[in-house]
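Structure record follows, encoded as structure tokens.
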Number of protein chains: 2
Amino acid sequence: MITAAAGFLAAGTTAGIKPSAKPDMALVYNQGPDFAAAGVFTRNRVVASPVKHSRAALVEGNTGQVKAVIFNSGNANACNGAQGDQDCADVVKHVASLLNVDFYDVAACSTGLIGEPLPVPKLIDGATTLVAGLGDHSTDAAVAIMTTDTVKKEALYEGNGWVLGGMGKGVGMMAPSLATMLVCLTTDAVATPEMLERALKKATATTFDTLDIDGSTSTNDTVIIMSSGASTVQVTQEELDAAVFAVCDSLAAQMQADAEGVTKRVTITVTGTSTDDMARNAARTIGRDQLFKCAMFGSDPNWGRTLAAVGMADADMNPDKISVYFNDQPVCIDSCGAEGAREVDLTGTDIAVHVDLGTGGAGRATVRTTDLSLQYVDFNSAYTT
Amino acid sequence: MITAAAGFLAAGTTAGIKPSAKPDMALVYNQGPDFAAAGVFTRNRVVASPVKHSRAALVEGNTGQVKAVIFNSGNANACNGAQGDQDCADVVKHVASLLNVDFYDVAACSTGLIGEPLPVPKLIDGATTLVAGLGDHSTDAAVAIMTTDTVKKEALYEGNGWVLGGMGKGVGMMAPSLATMLVCLTTDAVATPEMLERALKKATATTFDTLDIDGSTSTNDTVIIMSSGASTVQVTQEELDAAVFAVCDSLAAQMQADAEGVTKRVTITVTGTSTDDMARNAARTIGRDQLFKCAMFGSDPNWGRTLAAVGMADADMNPDKISVYFNDQPVCIDSCGAEGAREVDLTGTDIAVHVDLGTGGAGRATVRTTDLSLQYVDFNSAYTT
């Protein structure tokens, strides 16, 4: 749905980066009249060359402006040193020249294996094809950014006279799998870069940032939003916030459902602690616990592991007053097992876990995670070899 | 080797706590003349009843004194509320009465499933059998504390006229698997409680505390050391430190080798950061990364995952100057792939990972961990059900 907003064109192509010969390059282009943009990036200190470039584009170029984003899958261009930076710049320069825009008007996103040199000639040829083929090709673009994704991920929000569309790939922002999370959002609403940034930070905090598949964090994670203003509708911050949240939330749910080796979608809500941040930390601590995740895979209502995990969280709690609910059924009350706790049915695909930390505090947060399955280990133990 | 030190007796028995009808209770008894003792316990805020009792015994009783430790496997007596505390006290009272010592002279250790009521009558009967059978039965005791362990774990240090022996079960202190770590050390050296505590804290910091199998932390972890002084040899702090470290180090290595589902023993050393604490944090961050652990299982020299993992660590680093070595072969230099990196042979059982964070700092630490195997997930997804 990346071309649903007026003013945006897109294309996807196969440049030959992936050994599988599947589509591996995409371009999203904003024809204007506005070029407002904002981005959020990985918190990892080891960052890929395209992340360095895109960050620079949003601050060193015309601050808060991007006119196009060039994507490739099949190669992360991470941990390639100065050569990686140069390779990224060469591709961006080529795209900028073809589109007749400035170097820093073009952001870049890459995803794939870390530490492989970028095959620049293939990307140059691919970019030429993409620019020549720009059109209403949102599906082609969404497919071309996939790596281990099994389905393309798109979402659309329809406002009153304006729309906001998005595409994404991967399985999480704060803690994605090897499959980096890349997301691009486009809108034809009239909005300033500051409004876009505020809406994006607010939405990612409760969507991608709380999607935690395996505790790992990619070197390449990027979310970029662009507005063309082509609808001439001036939105309020509240309207924009709602739209960005809706599209991010949909993409995050799609990523959770498509996570590598997932057999269970687990939603962990923590309450009864002092602050939302503490609740989020506690929910994340449970969601990252290998034993908890294995129990979910086994449909095993082993609530003791939930308690053991949350006991290590950096959150206020009353260790004698913790309660746990699986699919709304009490399994642990006041830190003791509840009647029938071992018989709770967790065989369904969706599992809701609610943990109350017993302090009476108003802190609350929800984190999406998955189980730790045999398929996950099998898949991730044979990636490069 | 828990009875190698003069003055100590032990016994093991089958009390019927485990459905498997394997041995499940043990007793270690110090005949004196000294009764100095020290302990370290889990950092989890959700703690089992026996941990509460043993902590109290070492401070509320005759400070720094314990005359016996009663162990049971098959039931953790954790998350059982006030009833769990009462059940633990009932067993301890019975043992104290049979041994004619005070209530707080007896410490308690439990390991097994969380949230199951303790079958007190079975433990009372078992304790009676244990006291009647006290003798030179270190092997029986070491076997009786096993849960998912496949082999018993014992170690011995021989000093000049004195010895220090130990037994343990489980797979880690800071971050053990569901199989809680319990360790008991005995020595016939003459040493004060303060000396024992100093030696124990120093040794655990670099042995059990840096053994990290799956990032989970038990509610029951306990390490207790007792000295009888029966050798009449007054040791120095340095001699005691060396002995306690040697025995803890051996037991930690045995636990790593016997960890659930382990197919690889992985040692991660981090250098080139400001402090030892930072190096430990970075090594632990790598050791807990699911993708890194899956790569180890697959004998996959995917060094990109090592860099992506360490980039999230709370340690000083130069993101452009990180180097990684697998089994002493460079796979990444200055954050770029080294020649032949993808061909490094990791098919052996032992893998040594060395990461230099490139700041030139003197911080250094080593963490022991394991791979994340199909066997691990299979085992841990079907524990209670």
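For the stretch A:196-239, taking the residues that are within 19 Å of A:THR147 (Cβ to Cβ) and more than 14 Å from chain B (Cβ to nearest Cβ), the one that is modelled with the lowest pLDDT is identified as A:LEU211.
Among the residues making up the stretch A:327-338, a single one is out of contact with any strand residue (DSSP E or B) (no Cβ under 8 Å at 6 or more places or on another chain) and more than 8 Å from chain B (Cβ to nearest Cβ): A:GLN329. Being polar (S, T, N, Q), more than 22 Å from A:GLU154 (Cβ to Cβ) and at pLDDT 90 or above is true of A:THR273.
Yes or no, residue by residue, for (1) farther than 30 Å from A:SER323 by Cβ; (2) in a loop (DSSP other than H, G, I, E, B); (3) β-branched (Val, Ile, Thr):
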residue	(1), (2), (3)
B:LYS18	no, yes, no
B:CYS79	no, yes, no
B:VAL92	no, no, yes
B:LEU98	yes, no, no
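Each row is one residue, and each column tells you yes or no for (1) touching a residue at least 24 places away in the same chain (Cβ under 8 Å); (2) farther than 17 Å from B:THR306 by Cβ; (3) in contact with a Pro (Cβ under 6 Å, 6 or more places away or on another chain); (4) hydroxyl-bearing (Ser, Thr, Tyr).
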{"residue": "B:VAL344", "(1), (2), (3), (4)": "yes, no, yes, no"}
{"residue": "B:ARG368", "(1), (2), (3), (4)": "yes, no, no, no"}
{"residue": "B:LEU374", "(1), (2), (3), (4)": "yes, yes, no, no"}
{"residue": "B:PHE379", "(1), (2), (3), (4)": "yes, yes, no, no"}
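Only a single item in (1) modelled with pLDDT of 85 or more; (2) touching a Lys or Arg at 6+ places or on another chain (Cβ under 9 Å) is not met by B:GLY172, and it is number (1). Scanning the stretch B:52-104 for residues that are free of Cβ contacts under 8 Å to residues at least 12 places away in the same chain and of a type outside the set (A, V, I, L, M, F, W, C) gives B:GLY81, B:GLN86, B:LYS93, B:SER97, B:ASN100.
Of all residues in the stretch A:75-89, those that are more than 14 Å from every other protein chain (Cβ to nearest Cβ) and either surrounded by 24 or more Cβ atoms within 10 Å (Cβ to Cβ) or at pLDDT below 95 (or both) total 1.
The condition (being within 9 Å of another protein chain (Cβ to nearest Cβ) and within 30 Å of B:VAL377 (Cβ to Cβ)) is satisfied by just one residue among B:VAL353, B:VAL310, B:VAL324: B:VAL310. Among the conditions (1) over 29 Å from B:THR204 (Cβ atoms); (2) among the polar types (S, T, N, Q); (3) modelled with pLDDT under 90, the only one that B:GLN290 does not satisfy is (1). Does the stretch A:34-43 contain any residue that is more than 14 Å from chain B (Cβ to nearest Cβ), assigned to a loop (DSSP other than H, G, I, E, B) and in contact with a strand residue (DSSP E or B) (Cβ under 9 Å, 6 or more places away or on another chain)? Among the residues of the stretch A:34-43, at least one is more than 14 Å from chain B (Cβ to nearest Cβ), assigned to a loop (DSSP other than H, G, I, E, B) and in contact with a strand residue (DSSP E or B) (Cβ under 9 Å, 6 or more places away or on another chain), which makes the answer yes.
Considering A:PHE245, A:PHE208, the condition of being in the same structural domain as A:LYS169 (by TED's automatic domain parsing) and either buried (at least 24 other Cβ atoms within 10 Å of the Cβ) or over 28 Å from A:ARG364 (Cα atoms) (or both) is satisfied by A:PHE208 alone.
Run A:ALA5 past the list (1) modelled with pLDDT of 90 or more; (2) surrounded by fewer than 24 Cβ atoms within 10 Å (Cβ to Cβ); (3) farther than 16 Å from A:VAL106 by Cβ and report the number of the one that doesn't hold. In the conditions (1) modelled with pLDDT of 90 or more; (2) surrounded by fewer than 24 Cβ atoms within 10 Å (Cβ to Cβ); (3) farther than 16 Å from A:VAL106 by Cβ, A:ALA5 misses (2) alone.
Looking at the stretch B:111-118, is at least one residue at pLDDT 95 or above and on the phi < 0 side of the Ramachandran plot? Yes.
Does B:LEU240 qualify as being of a type outside the set (Asp, Glu), crowded, with 24+ Cβ neighbours inside 10 Å and not in a helix (DSSP H, G or I)? Spelling it out, it is not the case that B:LEU240 is of a type outside the set (Asp, Glu), crowded, with 24+ Cβ neighbours inside 10 Å and not in a helix (DSSP H, G or I).
Let's see how each residue does on (1) under 18 Å from B:ASP24 (Cβ atoms); (2) of a type outside the set (Val, Ile, Thr); (3) without any contact (Cβ under 8 Å) to a residue 24 or more places away in the chain:
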| residue | (1), (2), (3) |
| --- | --- |
| B:GLU116 | yes, yes, no |
| B:LEU134 | yes, yes, no |
| B:ALA142 | yes, yes, no |
| B:LYS152 | yes, yes, yes |
| B:LEU156 | no, yes, no |
| B:LYS169 | yes, yes, no |
| B:LEU182 | yes, yes, no |
| B:LEU185 | no, yes, no |
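Selection of the stretch A:360-385 for residues being surrounded by fewer than 21 Cβ atoms within 10 Å (Cβ to Cβ) and either more than 12 Å from chain B (Cβ to nearest Cβ) or in a strand (DSSP E or B) (or both) yields A:GLY360, A:GLY361, A:ALA362, A:ARG364, A:THR366. Scan the stretch A:20-60 for residues that are surrounded by fewer than 19 Cβ atoms within 10 Å (Cβ to Cβ) and closer than 28 Å to A:GLY135 by Cβ and the total you get is 6.
Across the stretch B:267-299, the qualifying residues are those that are surrounded by 21 or more Cβ atoms within 10 Å (Cβ to Cβ) and part of a loop (DSSP other than H, G, I, E, B), and the one among them that is nearest to the other protein chains (Cβ to nearest Cβ) is B:GLY298.
Is it fair to say B:ASN62 is outside any helix (DSSP H, G or I) and either at pLDDT 95 or above or of a type in the set (Lys, Arg) (or both)? The answer is no for B:ASN62.
Given the criterion in contact (Cβ under 8 Å) with a residue 60 or more places away in the chain, small (Gly, Ala, Ser) and outside the structural domain of A:ASN77 (by TED's automatic domain parsing), identify the matching residue among A:GLY304, A:GLY298, A:GLY272. After applying the criteria, what remains is A:GLY272. Filter the stretch B:8-19 down to the residues that are out of contact with any Lys or Arg (no Cβ under 9 Å at 6 or more places or on another chain) and at pLDDT 95 or above, then identify the one that is surrounded by the most Cβ atoms within 10 Å (Cβ to Cβ). Step by step, filter the stretch B:8-19, then rank; the result is B:ALA10.
The values are calculated or read from the model by the stated rules, or taken from the named source; none is laboratory data. Given the structure is predicted, the values throughout are model-derived calculations rather than measurements. Here the Cβ is made from the backbone with ideal geometry for all residues, glycine too, and neighbour counts use every protein chain on show.
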